[in-house]
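Everything below concerns the one structure shown next.
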Amino acid sequence: MYKLSDIRDIHLEISSLCNARCPLCPRNFHGYPYNDGYIERNLTLDDVEKIFKPTFLSHIDSMEINGNFGDFVMNPESIDIVRYFNEYNIDIQISTNASARPKNFWKELGELGCKVLFRLDGLE
């Protein structure tokens, strides 16, 4: 039986929104339209603070913020969410298509020490 204290790594999606239309994305069919019942939503910083309590985060080593259904940059609170996790010295890796934010966003994210992987699956 696993205990919460056994968990060291987290895979997290903070948004189901995306600006790309990747042909093999499970959220849509060949890039358009969305599948029936698809819900667009962002996790808020408040959601994250309620879900991920300090006692839990204190033993987390790494976190991958990925986008199987959405992109990290589509969440307007993405930087604040990363700041929250940084308080617990978690090694954070982010995957994104990087096409929805200006240069100053990436500078600010870089200053937070995250590893960012640019995934360009939607290019033609």
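The values are calculated or read from the model by the stated rules, or taken from the named source; none is laboratory data. Since the structure is predicted, the reported quantities are computational estimates derived from the model, not experimental observations. Quick reminder, even Gly has a Cβ in these numbers, built from the backbone with ideal geometry, and neighbours come from all protein chains shown.
Let's see how each residue does on (1) within 14 Å of the chain's Cα centre (by Cα); (2) over 20 Å from PHE118 (Cβ atoms):
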position: ALA20; (1), (2): no, no
position: ILE39; (1), (2): no, yes
position: LYS50; (1), (2): no, yes
position: SER58; (1), (2): no, yes
position: ASP61; (1), (2): no, yes
position: GLU64; (1), (2): yes, no
position: ASN75; (1), (2): yes, no
position: TYR84; (1), (2): yes, yes
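Selection over segment 100-111 of residues that are of a type in the set (Gly, Ala, Ser) and either part of a helix (DSSP H, G or I) or exposed (fewer than 15 other Cβ atoms within 10 Å of the Cβ) (or both) gives a count of 1.
In segment 95-115, the condition of being in contact (Cβ under 8 Å) with a residue 60 or more places away in the chain and under 14 Å from ILE14 (Cβ atoms) is met by at least one residue. With respect to ASN75, is the statement that it is of a type outside the set (Gly, Ala, Ser), over 21 Å from ILE7 (Cα atoms) and touching a Ser or Thr at 6+ places or on another chain (Cβ under 6 Å) true? Criteria met by ASN75. So is THR55 in contact with a helix residue (DSSP H, G or I) (Cβ under 7 Å, 6 or more places away or on another chain) and either closer than 26 Å to LYS3 by Cα or at pLDDT below 95 (or both) or not? Here the answer is no, as THR55 does not meet what is asked.
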